[in-house]
1. Can you list residues from other chains, or at least 5 along the same chain, whose modelled amide H is less than 5 Å from the amide H of residue 259?
2. Take the chain, connect every pair of alpha-carbon atoms lying under 10 Å apart with a spring to form a Gaussian network, then pick out the residue of 298, 155, 140 with the largest mean-square fluctuation.
3. What does the accessible area per residue of region 90-226 come to in Å², with a 1.4 Å probe and no ligands, DNA or RNA counted?
4. Cα-Cα pairs above 31 Å in region 1-315: how many percent?
5. How much of the accessible area of the chain, probe 1.4 Å, is carbon plus sulfur, in whole percent?
Amino acid sequence: MEKNNLDSLDTIFQDKVDREIKIEPKDYMPDAYRKTLIRQISQHAHSEIVGQLPEANWVTRAPNLRRKAVLLAKIQDEAGHGLYLYSAVETLGADREDTIDDLHEGRAKYSSIFNYPTLTWADMGMVGWLVDGAAIMNQVPLCRCSYGPYARAMVRVCKEESFHQRQGFEIVTQLAQGTPVQKEMAQEALNRWWWPALMMFGPNDADSTHTAQSMKWKIKRHTNDELRQMFVDATVPQAELIGLKIPDNDLKFNEETGHYDFGEIDWDEFWQVVKGYGPCNTERVSARKKAKEDGLWVREAANVYAEKRARRNKKVS
Ligand code: BYC
């Protein structure tokens, strides 16, 4: 296309975004906007799918039937979120299988948080309370994302995530109010999950490659640091309420700003985990590759059946 035409299409596009008109799959969008969405939404989908694994570890060891049923339901919700998101990626013209191959070959990322092990039952509480809590903080603004299919998918995802957050907080609250050993288990889990949960929001704004452009396109509505601060402000009083201590000696309410000041994140650890060297990266990607291989016969059988049915229908008509 002529450069002048492209420039004017880009101007019309940005004007629509500025006026809060949703961009839909068949509308014009700049290539870079499409690429950014494919990157972010597919990585989001991978996170939902990989995110099932740390919790799956506890399905067989949940302390009672009610806990087990709730945990199973939550994990199934995450699978559903992955599916909506892969569908949203397809509306951008991307091939779902290609994006999955990118994950398996290490070309695509997924949230750093899922590379940490779930060592005790209290970790199920922390995943719900902190990990889903951080996810909601990040995802509620995505319901207003400029790209229609992503924004609409996030509405349902957020409703389910808020149930997940509450079930996690309920587990943690019960442990924190239980025997001294149970309270200790909850505190120990909080000590391990607090900092990785803060890392979920991504690098500081100054080091974030995509934030400025994504804000202009209204894909992101807040910066990484803004969302992280909102999460800290919301979560610290919850910890205080149930008598657990956030493992940060620099954490202090700042009367002037009305926010909590908090300590420096270990960014070396963050980047190590993002680059594939976290405690469970290899295990997580291997599990996903094995699932794809194990499911091959089902996909092949379904395809053969679909072809057979199509042939039969043709004969009848
Ligand atoms: N882990 O320029 P930046 C969930 C990457 S919740 C790994 O700030 P952006 C769930 C980033 O991709 C979790 N990588 O990027 C909850 C970029 O690398 P690339 C998923 C990270 O995109 C409970 C580079 O660092 N949520 O699913 O503007 C149970 C520079 O970053 C991380 C979403 O995906 C990280 N923590 O902002 C089950 C929400 N942080 O891509 C499941 C949608 C940054 O250039 N995504 N990186 O190679 C977003 O909101 C944004 O993509 C992010 C990052 C805030 C995550």
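The values are calculated or read from the model by the stated rules, or taken from the named source; none is laboratory data. The model shown is predicted, which means the values in this text are computed figures rather than measured ones. Calculation scope for accessible area: heavy atoms of the full protein, side chains included, ligands and nucleic acids excluded. Shrake-Rupley method; radii C 1.70, N 1.55, O 1.52, S 1.80 Å.
1. Correct list: 254.
2. Maximum among the listed residues: 298.
3. 41 Å²
4. Value for region 1-315: 36 percent of Cα pairs lie more than 31 Å apart.
5. 55 percent
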